[in-house]
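K.L.:
Sharing a structure below in structure tokens format, with a few things to ask.
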Amino acid sequence: MSKQTKPIAVFDSGVGGISVLRELVKILPNEDYIYYGDSKNAPYGMKDKEQVKELTIAAAEYLFAQGAKGLVVACNTATSAGVRALREKYPEIPLVGIEPAVKPAATLKPGGRVLVMATPMTIREEKFRNLMAQYSDDAEILPLPCPGLMDFVERGDLHSDDFKKYLEELLYEYRKHPVDAAVLGCTHYPFAKDMIQEILGKDVVIFDGGEGTAREMKRRLAEADLLNPSTENGKVEFQNSLEDEKKIQLCQQLLQM
Ligand code: DGL
């Protein structure tokens, strides 16, 4: 097997990274993918940085051992904790990490109000603080840690009254004092986009980093001459640390959404 025909690995703490995988499949349809979710150790966003860094490195090594030619860290939390260490350890491997799409949101409307929803760890970390400082002249950036949001998505509980109630309480303040844009800074959240939009109001522009991350991976693979020359559609293999058939089924459903 030539290097170009090897799979791209996509990693997340659970099923959220499928919101990035679906963008990858759109722009790189001829690639094969291994999607690995570490649901057994999720949520990462409630852990400390060292723990998440170790889990991220372990997951990357597990995926490289399967022959992956590149890695997308499709988890904002894992990116902020572990991507720097991974790049140092594996400088030769195309590696892209996702981060909250603050730039397009903050530059949308000068002086606008931008809500950034992410895990408690992402919001606490230096990487996000730097990102926020970079755009604080463009817009008023309002970070909102969302403990518990990813758990609804992990359970596939996307349309229940409980979920709606949870989101209404979480977003209460931003319903009263509307924002111009909202950034979904955790890869689980795009699966709740419709409900978030309904609660925040239809004029709020919602951003996530999935498409930008997929485009960056394409660019990196092209640069390294690692794009798959195949003209057939590639395949996606799902793996999860929980080894639960139901989780794999949920992964397949989310990819179709
Ligand atoms: N999907 C992850 C992210 O993008 C976080 C979910 C978790 O807390 O594990 O940040």
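The values are calculated or read from the model by the stated rules, or taken from the named source; none is laboratory data. Model, not experiment: these values are computed from the prediction. As a convention, Cβ positions derive from the backbone with ideal geometry for all residues, glycine included, and neighbour counts pool all protein chains shown. Each accessible area value is taken on the protein alone, full model and side chains, heavy atoms only, with ligands, DNA and RNA left out. Shrake-Rupley method; radii C 1.70, N 1.55, O 1.52, S 1.80 Å.
K.L.:
Within the range 10-31, how many residues are open to solvent by less than 30 Å² (accessible area, probe 1.4 Å) and either more than 16 Å from the ligand (Cβ to nearest atom) or under 18 Å from GLN252 (Cβ atoms) (or both)?
P.N.:
14
K.L.:
Inside the range 149-160, can you point out the residues that are in contact (Cβ under 8 Å) with a residue 60 or more places away in the chain and among the hydrophobic types (A, V, I, L, M, F, W, C)?
P.N.:
MET150, VAL153
K.L.:
Here's a follow-up. Being within 16 Å of the ligand (Cβ to nearest atom) and surrounded by fewer than 24 Cβ atoms within 10 Å (Cβ to Cβ) is the filter here, so list the residues in the range 58-83 that pass it.
P.N.:
Answer for the range 58-83, where residues must be within 16 Å of the ligand (Cβ to nearest atom) and surrounded by fewer than 24 Cβ atoms within 10 Å (Cβ to Cβ): ALA58, VAL83.
K.L.:
Evaluate the range 157-169: report whether one residue or more is open to solvent by 70 Å² or more (accessible area, probe 1.4 Å), assigned to a helix (DSSP H, G or I) and not charged (D, E, K, R).
P.N.:
Within the range 157-169 (the criterion being open to solvent by 70 Å² or more (accessible area, probe 1.4 Å), assigned to a helix (DSSP H, G or I) and not charged (D, E, K, R)), the answer is no, since none of the residues qualifies.
K.L.:
Which residues, counting only those in the range 94-128, are in contact with a helix residue (DSSP H, G or I) (Cβ under 7 Å, 6 or more places away or on another chain) and over 25 Å from GLY148 (Cβ atoms)?
P.N.:
Matches in the range 94-128: PRO94, LEU95, VAL96.
K.L.:
Let me ask you something else. Would you confirm whether or not the range 139-148 contains a residue that is open to solvent by less than 40 Å² (accessible area, probe 1.4 Å), in contact (Cβ under 8 Å) with a residue 24 or more places away in the chain and under 19 Å from ALA42 (Cα atoms)?
P.N.:
Within the range 139-148 (the criterion being open to solvent by less than 40 Å² (accessible area, probe 1.4 Å), in contact (Cβ under 8 Å) with a residue 24 or more places away in the chain and under 19 Å from ALA42 (Cα atoms)), the answer is yes, since at least one residue qualifies.
K.L.:
Oh, and also: Do the conditions hold for ASP48, that is, is it of a type in the set (D, E, K, R), farther than 23 Å from HIS177 by Cα and buried (at least 17 other Cβ atoms within 10 Å of the Cβ)?
P.N.:
no
K.L.:
Let me ask you something else. Can you spot a residue in the range 182-200 that is within 16 Å of the ligand (Cβ to nearest atom), open to solvent by 50 Å² or more (accessible area, probe 1.4 Å) and not in a loop (DSSP other than H, G, I, E, B)?
P.N.:
yes
K.L.:
Against the definition (assigned to a helix (DSSP H, G or I), polar (S, T, N, Q) and more than 15 Å from the chain's Cα centre (by Cα)), how does GLN249 come out, yes or no?
P.N.:
yes
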